[in-house]
């Protein structure tokens, strides 16, 4: 084979490799806010059957995951009603004037807590499997949860945690059922200001209906605050995002919460 022909082939291959690398780099996206943010609209493709006992990937519910005005829950008990009256939320049916807002997340920078992080501001999150855990890595607040799948029981008298204690089991090859207890009473259920007690129990059901689609159902069971169990999420659809998606950082810091409260208290103060 002539030498000049070999050189020509090698040059063509080099050009193709460089072009492929360039296209791959251009395709990559940093700081994706997910579908709800109007940014990266790419989704994983092509669609296919759901893998067995595998929820891994980056999932996004889009706009419905953010759920601004809150949810329709069961009627309050007397205790639940008293607690709700002390909450002055920034939106929803009991929305208070801005200066009276006492939402611990937006005014003090407290953690959103669980299950608020799945009932409101459920922005993209990544699921990672280990041999004895399922990890939930959330874009909002850059928090994570550990769901134990090693057969352990939930604690009987747990110290309260912002994100509780969680165990999971596979109901079938495509449905992971998660039970959680021990959530801190200081957290709200969502931005519309519904309370919960330390006795609350939350059930999440993650059903992978296909390769790119996941259904989430969340049931709240808190007899101290509500007259009956109720659905916070009912088969909310989540789409699988590309594996190279870099999720943005969205952290409600205490510093920003203090500035927000200051602006509410002094609405005439110029914003710098």
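The values are calculated or read from the model by the stated rules, or taken from the named source; none is laboratory data. Predicted, not measured: the structure shown is a model, and the values here were computed from it. Positions of Cβ are generated from backbone atoms using ideal geometry, with glycine treated the same way; all protein chains shown enter the neighbour counts.
Listed values, structure above:
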{"item": "Among (1) crowded, with 18+ Cβ neighbours inside 10 Å; (2) assigned to a loop (DSSP other than H, G, I, E, B); (3) at pLDDT 95 or above - the single one residue 194 does not satisfy", "result": "(3)"}
{"item": "Within the range 197-211, considering residues that are in contact (Cβ under 8 Å) with a residue 40 or more places away in the chain and closer than 30 Å to residue 47 by Cα, the one surrounded by the fewest Cβ atoms within 10 Å (Cβ to Cβ)", "result": "210"}
{"item": "The range 212-234 - residue that is part of a loop (DSSP other than H, G, I, E, B) and surrounded by fewer than 17 Cβ atoms within 10 Å (Cβ to Cβ) and, of those, nearest to the chain's Cα centre (by Cα)", "result": "229"}
{"item": "Any hit, the range 73-94, residues being closer than 29 Å to residue 263 by Cβ, under 19 Å from the mean Cα position of the chain (by Cα), assigned by TED's automatic domain parsing to the domain that holds residue 252 and at pLDDT 90 or above", "result": "no"}
{"item": "Qualifying residue in the range 104-122 (condition: in contact with a strand residue (DSSP E or B) (Cβ under 8 Å, 6 or more places away or on another chain), more than 22 Å from residue 200 (Cα to Cα) and either free of Cβ contacts under 8 Å to residues at least 24 places away in the same chain or surrounded by 15 or more Cβ atoms within 10 Å (Cβ to Cβ) (or both))", "result": "no"}
{"item": "Residues of the range 46-65 satisfying the condition of being under 22 Å from residue 115 (Cα atoms) and buried (at least 17 other Cβ atoms within 10 Å of the Cβ)", "result": "55, 57, 58, 59, 60, 61, 62, 65"}
{"item": "Which numbered condition residue 189 misses (of (1) more than 30 Å from residue 100 (Cα to Cα); (2) in contact with a strand residue (DSSP E or B) (Cβ under 8 Å, 6 or more places away or on another chain))", "result": "(1)"}
{"item": "Failed item in (1) within 13 Å of the chain's Cα centre (by Cα); (2) in contact (Cβ under 8 Å) with a residue 40 or more places away in the chain; (3) under 30 Å from residue 77 (Cβ atoms); (4) part of a strand (DSSP E or B), with residue 145 passing the rest", "result": "(2)"}
{"item": "All positions within the range 106-142 that are assigned to a loop (DSSP other than H, G, I, E, B), modelled with pLDDT under 95 and farther than 19 Å from residue 65 by Cβ", "result": "109, 110"}
